[in-house]
Amino acid sequence: MKQQHLLSSTTAKNYRLFSFYLLILTSLLYPVTAGAADITQQLHRPESSSLKRQSRDDADSLLRVAEQQYAAGYPQKALDSGLQALDIYHSIGEVRAKGQTYNLLAKAYIKLGRLKEGEDALRRHLAIARDTQDFQTQIFALNNLGTLLLQIGEPQAAGDTIQDAFTIADNVNNIEGEGLSLSNLGLVAARLGDYNRAIKLYETALIYRRRTDDKQGEINTLNNLGDAYLAANNYSDTISSYGAALNMAKSIGDRANQLRAIDGLVIAHSAVGRYQRALDLLKQRLTIAKELENPREQLNSFASYAKLYEQLGNYPTARNFYERAITISQNLEDKKQEIFLRDRMTQMLKGKSQ
């Protein structure tokens, strides 16, 4: 016992001496303004924690870059950056951050047309949300998965998936999730050809979306409602729904939904013989496409002009717009669209000569 006591005493003495010299060294290396708490933090911070923090910062930075690249229209670059972030999050065990990354990867895969990989990323995102009991993320992940299933031609599976989302949203009183789910269930009904049910679902979805002041969601649902009314040949309500969507989209600067609403309005006004109104709307459409410097949307505008002038029997003007659309399709190296437009123009000219 005496020997053990002596060893303990000697160890303690050596430790105090070591600590004294270490504190002197610290005071030489750091500014005199550093307090005791700063010194203690330097003495006791685990090196592994510091490395993990740096890795997390690196991954967060990569994810931010990936989101910016996706928003700027570079899905492949976003995918590359996102996969790097995912590897780091996986290595340091950041589960929730992995979920966010899978969501970004899914969007990039889908944008690139790699739908199966997009579906896998969405399912992984959903699995993480379930493991962490994150109900809000489950609601939105299920809706994203459902709309993708609808896109790849599986409406029944899509409906079941989105219904699961609505059930969760209803159970936790998530009004935003209820509105989104109802709107997407409307998409499923429309895909199945049940336009009356789709209309009812969209109208109910609007109630929820207005309760949360979800303007973006309301605009999207109004455009969906316009699509359903148009499919049902109800042109009056079609024009009302698209018109409301167009006005709201203008108020918040949502160009994509402005273009979508205009496309529906052009068809509806043309169907009831309001051709001048349709031409005025196409002028707005082309202006937006030019402001966005988006050649794809300019092509779509020229194609719509060509179709309308063909409908009016003004074949020379229609041909001019077809040719302008074909030129852009060549610049975009979109052979499929070029062939389609050339065929439309040929069919028009054949009909004219007969």
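The values are calculated or read from the model by the stated rules, or taken from the named source; none is laboratory data. Keep in mind it's a predicted model, so treat the numbers as computed, not measured. Here Cβ is always computed from backbone atoms with ideal geometry, including for glycine, and neighbour counts include all displayed protein chains. What goes into the accessible areas is simple: the full protein's heavy atoms, side chains included, and nothing from ligands, DNA or RNA. Shrake-Rupley method; radii C 1.70, N 1.55, O 1.52, S 1.80 Å.
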### Query
Under a 1.4 Å probe, what is the accessible area of the chain per residue, stated in Å²?
57 Å²
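With Cβ to Cβ distances under 15 Å as the rule, what net charge do the other residues near Ile175 carry (K, R +1; D, E -1)?
Values: positive: Arg209, Arg210, Arg211, Lys215; negative: Asp170, Glu176, Glu178, Asp213, Asp214, Glu218.
Net charge in that neighbourhood comes out at -2.
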### Query
What ranking of Leu192, Leu201 comes out by heavy-atom accessible area, probe 1.4 Å, highest first?
Leu192, Leu201
#### Entry: With every protein chain in place, the stretch 162-212: carbon and sulfur % of accessible area (1.4 Å)
44 percent
### Summary
Length gained, Lys200-Asn320, 0.36 nm per residue minus C-alpha separation, equals 39.0 nm
### Message
If I compute semi-axes √(5λ) of the Cα gyration tensor in Å from the structure I just sent, which labelled value in (i) 31, 25, 21; (ii) 59, 25, 18; (iii) 28, 26, 19 lines up?
### Response
(ii)
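Contact order normalised by length for the chain, with contacts defined as Cα pairs under 8 Å and 6 or more residues apart; what percent is it? If you can, show how the numbers build up before the last one.
Details: 398 pairs, mean separation 21.1, N = 354.
So the answer I get is 6 percent.
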### Task
Take the Cβ-Cβ distance between Val272 and Ala231 as r, set R0 to 22 Å, and report the resulting FRET efficiency rounded to the nearest 0.05.
0.90
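Show that you can apply the helix-only estimate: for the chain, add -39,500 (n - 2.57) for every DSSP H stretch of four or more residues, divide by all residues, and state [θ] at 222 nm to the nearest 500. Provide the component values of the computation, followed by the final result.
Details: 17 runs with 304 residues, N = 354.
When only DSSP H runs of four or more count, the value is -29000 deg cm²/dmol.
Tell me the net charge near Gly253. Cut-off is 12 Å between Cβ atoms, Gly253 excluded, with +1 for each Lys or Arg and -1 for each Asp or Glu. Present the calculation step by step, with values, prior to reporting the outcome.
Values: positive: Lys215, Lys250, Arg255; negative: Asp254, Glu291.
Surrounding charge for Gly253 is +1.
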### Query
So, counting K/R as plus one and D/E as minus one, what does the shell of residues with Cβ under 14 Å around Leu122 add up to?
+3
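If packing is taken as the average count of other Cβ atoms within 10 Å, what order do 114-124, 147-157, 258-268, 77-87 fall into, highest mean first? Intermediate results must be reported in sequence, preceding the final value.
On the way: 114-124: 18.5, 147-157: 16.4, 258-268: 23.0, 77-87: 20.5.
In descending order of packing, they fall as 258-268, 77-87, 114-124, 147-157.
Just subtract the alpha-carbon distance of Thr327 and Lys250 from 0.36 nm times their residue separation and send over the number in nm, one decimal. Kindly include the intermediate steps, with their values, before the conclusion.
On the way: separation 77, 0.36 × 77 = 27.72 nm, distance 2.98 nm.
Gain in length upon complete extension: 24.7 nm.
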### Query
Given a Förster radius of 51 Å and the C-beta distance between Ile175 and Gln311 as r, what FRET efficiency does 1/(1 + (r/R0)^6) yield to the nearest 0.05?
0.75
### Task
Could you check the simple spin-label distance between Asp334 and Arg123, using points 7 Å along Cα→Cβ, in nm with one decimal?
3.2 nm
### Query
Of Glu218, Glu310, Glu67, which is the most mobile in a GNM of the chain whose springs link Cα atoms less than 10 angstrom apart?
Glu310
### Task
Quick one: order Tyr315, Tyr242 from most to least accessible surface, probe 1.4 Å.
Tyr315, Tyr242
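To the nearest 20 debye, what is the magnitude of the charge dipole of the stretch 47-202 about its Cα centre, counting +1 on the Cβ of each Lys and Arg and -1 on the Cβ of each Asp and Glu? List each step's numbers first, then the result.
Working: 17 positive and 20 negative charges, 58 e Å.
Once rounded to the nearest 20, the dipole reads 280 debye.
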### Summary
Given a Förster distance of 51 Å, the FRET efficiency implied by the Cβ-Cβ spacing of Gln68 and Lys350, rounded to the nearest 0.05, works out to 0.55
